Structure formats: structure tokens, C-alpha cells
Amino acid sequence: MSWRETLGVTPSTETPYAHNTQNARKPVETGNCADIADSAYRDSEQESSKLLEALADTCKGLDISQAEVKEALAAEDIEDWRKGAISADTLAAFARSLVQRREMGQGKRPEHYTEQATCKHCGPIWLWLSGQVLGCPWCWNRIADKPITRPCAIHCGDCIHFERIDHPHLGHCAKNEPEAIAGLWDTDRRYCEHFLPRPQRTHNNHPRPE
């Protein structure tokens, strides 16, 4: 995934940024192939070193190293940086997003996620805005089967992991959440980081044609 996908920006929102005019490509002079390859290797090493230097400032105060940020950059990201299409501010935002993504993967709520919202796929979630959303950053946790921090309790019967037994209200949790010997009551309310909403059924209220 590129930095644009991670930060949710389009190519038109980023203006060229000349991080170092000396990084411009120079025409290759005719010479021995081995010399050309060796020169290209040295240029690559210098470029990598300069990128790590730039990322050192980017990572100050963050719980992440410049090597980790460099590893997360896609090949096209590094090419954009080489051409001056990624500014220092963009790199800093990318590094912060990596730290946030890692913490969210551990089930931690970002400090600015202060509003209660509902995601179509994840259920009740913490977000920076309230209301209904079709997708959210917690969807990464859902796909990776990681915990999702909840702002409220949920009903077990509304969860896809609730496996109903031969009883009108009882069932068991497929995620092995704690439950009584007889199981879970479908209207029980509890805090659950593994809750995922059942798909809503659509009802056709139109009369059947004769």
C-alpha cells in the first residue's frame, strides 16, 4: 500500500517538493558495464542513506524507527520521494499513521477518536465523528481478526459469532468469550471486542402479484 492510500489523498493534493536538487538524475556517460553497475549501486546506497536521514527527523517523538518507516514505503513511494513529490510533512503524517495503525492493531483507541459511531461491517466503534459509516479504520482489525475497542455494550444475539442452539434464546460464542454453562442469552448486553454485526435482512413489503 502506498503513502497516498494510507493517508487517503489523491495525487493532485501533493505538490512537488524539492528535498534536494542534487538528487536529479544525470545523463549516464558511456563506459564499462561493470563501472555503470557499480556507480548505480553507490547512487542507490547514497539515496537510501539520505532517505534514512530525512526519516530520522520525521520519527522524532514517535515510537517507530526510520528503518521501520522506510520498510513500510512502497517502491513507488520511494520513487516519489526521489523526484521530490513527497514533502517532509507528508512523511511525518505517514509515520504517525503507521504508529496509529500499529496501536489500533493492538486494540488501542487513538486519542482523537472521541465520538461514538456505527460501522456497517464492524458495529459500534470509536471514531473522530459520529453517525453511520459504510467503512472505517477498524475494518483493518476486522479483516485481520483483531480486537476492536467498543464505546458501548452489545447484544450477543446481534453478533455473527453467536451460534444459536435448539432453544429460542440461548447460544454459544464462536470466539470462546466467557459464558455461563447453559450458554449466552441472545439479549445479554456485554462489552465485546470480537462483536461483528449480522447482515441486516431486507424485507419486501410489496404484495405478491396474483
Report yes if some residue within segment 102-115 is surrounded by fewer than 17 Cβ atoms within 10 Å (Cβ to Cβ), modelled with pLDDT of 95 or more and assigned to a loop (DSSP other than H, G, I, E, B); otherwise report no. yes
Please list, ordered by first then second residue, the pairs with beta carbon atoms under 6 Å, 6 or more apart or interchain, first in segment 64-81 and touching a residue at least 60 places away in the same chain (Cβ under 8 Å), second among the hydroxyl-bearing types (Ser, Thr, Tyr) and surrounded by fewer than 17 Cβ atoms within 10 Å (Cβ to Cβ). 74/2; 76/2; 77/2
Counting only helices (runs of 4 or more DSSP H) entirely within segment 2-100, those with at least 2 residues that are closer than 30 Å to residue 138 by Cβ and at pLDDT 85 or above are 66-72, 75-82
Cβ-Cβ below 7 Å, separation at least six or inter-chain, first residue in segment 183-210 and in the same structural domain as residue 165 (by TED's automatic domain parsing) and at pLDDT 90 or above, second crowded, with 17+ Cβ neighbours inside 10 Å and of a type in the set (Phe, Trp, Tyr): which pairs? 184/162
Is it the case that segment 88-108 has a residue that's over 17 Å from the mean Cα position of the chain (by Cα) and within 26 Å of residue 60 (Cβ to Cβ)? yes
Within segment 116-131, can one find any residue that is part of a loop (DSSP other than H, G, I, E, B), touching a strand residue (DSSP E or B) at 6+ places or on another chain (Cβ under 9 Å) and under 17 Å from residue 144 (Cβ atoms)? yes
Is at least one residue of segment 133-146 over 30 Å from residue 66 (Cβ atoms), of a type outside the set (A, V, I, L, M), in a loop (DSSP other than H, G, I, E, B) and touching a residue at least 12 places away in the same chain (Cβ under 8 Å)? yes
I'd like the full set of residues that are of a type outside the set (Gly, Ala, Ser) and assigned to a strand (DSSP E or B), limited to segment 147-184. 154, 155, 159, 162, 163, 164, 170, 172, 173, 184
Given the conditions (1) of a type in the set (Val, Ile, Thr); (2) more than 27 Å from residue 194 (Cβ to Cβ); (3) in the same structural domain as residue 126 (by TED's automatic domain parsing), every one holds for residue 86 apart from (3)
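The values are calculated or read from the model by the stated rules, or taken from the named source; none is laboratory data. Since the model is a prediction, treat every value here as computed from it, not as a measurement. Counting neighbours? That spans all protein chains shown, and the Cβs are built from the backbone with ideal geometry, glycine included.
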